[in-house]
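J.: Sharing a structure here in structure tokens format.
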Amino acid sequence: MTFQIWGAVFIGMVLSIMLLNVVQWVTYRDRSYGLYTLYMLAWLFYFGLRIYEFREWFSAETNYFVRAVAPMGAYYVYFDFADVILGLRQRSPSFYRQLQYVKVGIVIYVTGQFALCYVPWLWHPTVYESTFIAMRLAMAVLGVHGIRQMLKLGDTVSRAYAIGTAFLLTGGLTTMFLSLTYLCTEDWLGPFWSVSLTYMQIGIIAELVCFSLGLSYRQRQAAVRSAVMEQELANEREKHHRDQLEAELVMQRLEQEKTEVHIRALQAQVNPHFLFNSLNSLSALIDDDAQQAGVFLDELSSVYRYLLRANAQSLTPLSDELAFIRSYCHLLQTRHGEALRVVWQVAPSFLNCQLPPLTLQLLVENAVKHNVILASRPLTISITTNDRGQLQVRNNVQRKIMRVASNGVGLANIWSKYQILNQPVPTLSEDNEQFVVTLPLIDAD
């Protein structure tokens, strides 16, 4: 194989690695792949001008300049690439600072070579070769130092990077030694192993393979860490969501139990004297009118069946509450006779609406308790609905001269029930003639 064919093979291998790297760059958007691409482009530029006939297109000065400074461009990118891949800025600050000084030295060297090659009166072949060899030796020394620093980092990627650098260093020193001792020729048409640049190219290929393996390992480790973190975050989110749901269920259960206990406590506040007065009335009726006593007993049974059933629910249909209050009022009217009048004007369209049980009983009981009930001064209680979906309980005001002690339990009981159920609270109004309580009716779901 001639060196010319080998050169084409070399360019093809570098291009293949570079194209694979470009795909990785586009996929992961990682800066390290971009620097790696620039690094390979620098070598392609250098060998492209040196191997092929492109050099004949340029002046001798340009060819000298490219020979001296093109590798420096690759090394300049190499330092940034090493920093990104190995994290030198954080893991080895002193070595990172040394590389920054070397980058400044490269800039000075490139400036000097530019002046030496393009300023006619400064050109001197011996000076050119001396600075060229001195810079290559300095980079070799730096390479040995860099390999030691990278091996100290101790991880797989750093070792791969150190091995790759060692291949590049070995190839470069071999090429320089062969070119200085004239053991190789510069015949591009001769065997590839007889041209000194071959060994530097072999070193570069081995270096790129090591770098690519290191990058792949680094990317795989990053993917594993990302997957582990994602799984941990998913588990944490799931646990947090589960704990939140459990906490919400506990709070809902506690609120429900609290509401039920509170409502039952409110329902239990019905006046216990009602039973005592009803039994006294029943006892009197048994002696005076046995048939009426039977009717009274049936109504009393209906009232207490409803009371027992009402303790198990927080809302009841208006139709059931009205049936109960009719029985309740029948018991009161049996006791008070014509002195107590009850008027009903409830629209049928509202019978399916709901309200807290025993609400009407508390309002009727409140009216009877605080007002005079005489045949000459009858107490009239009206239970009506309006077009706004409200139930109104009103009575004429005729306060007892001896005011009955009141702690407001009845009305407070009703207000509390509506608040517990998160419903608008009832309103009341009073003047010298009428006492009115307006109850919101709750739509049945």
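J.: Within region 430-445, can you find the residues that are modelled with pLDDT of 85 or more and part of a loop (DSSP other than H, G, I, E, B)?
T.: Residues satisfying the conditions are 433, 441, 443.
J.: Given the residues 38, 19, which is the only one that is modelled with pLDDT of 80 or more, exposed (fewer than 13 other Cβ atoms within 10 Å of the Cβ) and assigned by TED's automatic domain parsing to the domain that holds residue 112?
T.: On inspection, the qualifying residue turns out to be 19.
J.: Another one. Collect the residues in region 78-121 that are over 25 Å from residue 212 (Cα atoms) and of a type in the set (Lys, Arg), keeping them in residue-number order.
T.: Result: 97, single match.
J.: Right, another one. For region 342-352, does any single residue satisfy the condition of being under 17 Å from residue 317 (Cβ atoms), out of contact with any Leu (no Cβ under 9 Å at 6 or more places or on another chain), assigned to a loop (DSSP other than H, G, I, E, B) and of a type in the set (A, V, I, L, M)?
T.: Yes, because at least one residue in region 342-352 is under 17 Å from residue 317 (Cβ atoms), out of contact with any Leu (no Cβ under 9 Å at 6 or more places or on another chain), assigned to a loop (DSSP other than H, G, I, E, B) and of a type in the set (A, V, I, L, M).
J.: Additional query: Determine whether residue 83 is crowded, with 19+ Cβ neighbours inside 10 Å and in the same structural domain as residue 162 (by TED's automatic domain parsing).
T.: Yes, satisfied.
J.: In region 73-85, what residues are hydrophobic (A, V, I, L, M, F, W, C) and farther than 14 Å from residue 41 by Cβ?
T.: Going residue by residue through region 73-85, those that are hydrophobic (A, V, I, L, M, F, W, C) are 74, 77, 79, 81-82, 84-85.
Within region 73-85, 79, 82, 84, 85 meet the criteria.
J.: Surrounded by 12 or more Cβ atoms within 10 Å (Cβ to Cβ), assigned to a helix (DSSP H, G or I) and not hydroxyl-bearing (Ser, Thr, Tyr): is that true of residue 148 in this structure?
T.: no
J.: Within region 423-434, does at least one residue satisfy the condition of being within 24 Å of residue 337 (Cβ to Cβ) and more than 51 Å from the chain's Cα centre (by Cα)? Lay out the reasoning, then the answer.
T.: Taking region 423-434 and keeping what is within 24 Å of residue 337 (Cβ to Cβ), we get 433-434.
Filter once more, so that each one left must be more than 51 Å from the chain's Cα centre (by Cα): 433-434.
Yes, there is a match, as at least one residue in region 423-434 is within 24 Å of residue 337 (Cβ to Cβ) and more than 51 Å from the chain's Cα centre (by Cα).
J.: Still on this model: Residue 69 - would you say it is modelled with pLDDT under 85, surrounded by 15 or more Cβ atoms within 10 Å (Cβ to Cβ) and in contact with an Asp or Glu (Cβ under 9 Å, 6 or more places away or on another chain)?
T.: Criteria not met by residue 69.
J.: Only one residue in 314, 302 is part of a loop (DSSP other than H, G, I, E, B), more than 27 Å from residue 430 (Cα to Cα) and touching a helix residue (DSSP H, G or I) at 6+ places or on another chain (Cβ under 6 Å), so which one is that?
T.: Just one listed residue meets the conditions, 314.
J.: Name the single residue that is surrounded by the most Cβ atoms within 10 Å (Cβ to Cβ) among those in region 419-429 being closer than 16 Å to residue 443 by Cα and at pLDDT 85 or above.
T.: 426
The values are calculated or read from the model by the stated rules, or taken from the named source; none is laboratory data. Since this is a predicted model, take the numbers as computed values, not measurements. When we count neighbours, we look across all protein chains shown, and the Cβ atoms used for this are built from the backbone with ideal geometry, even at glycine.
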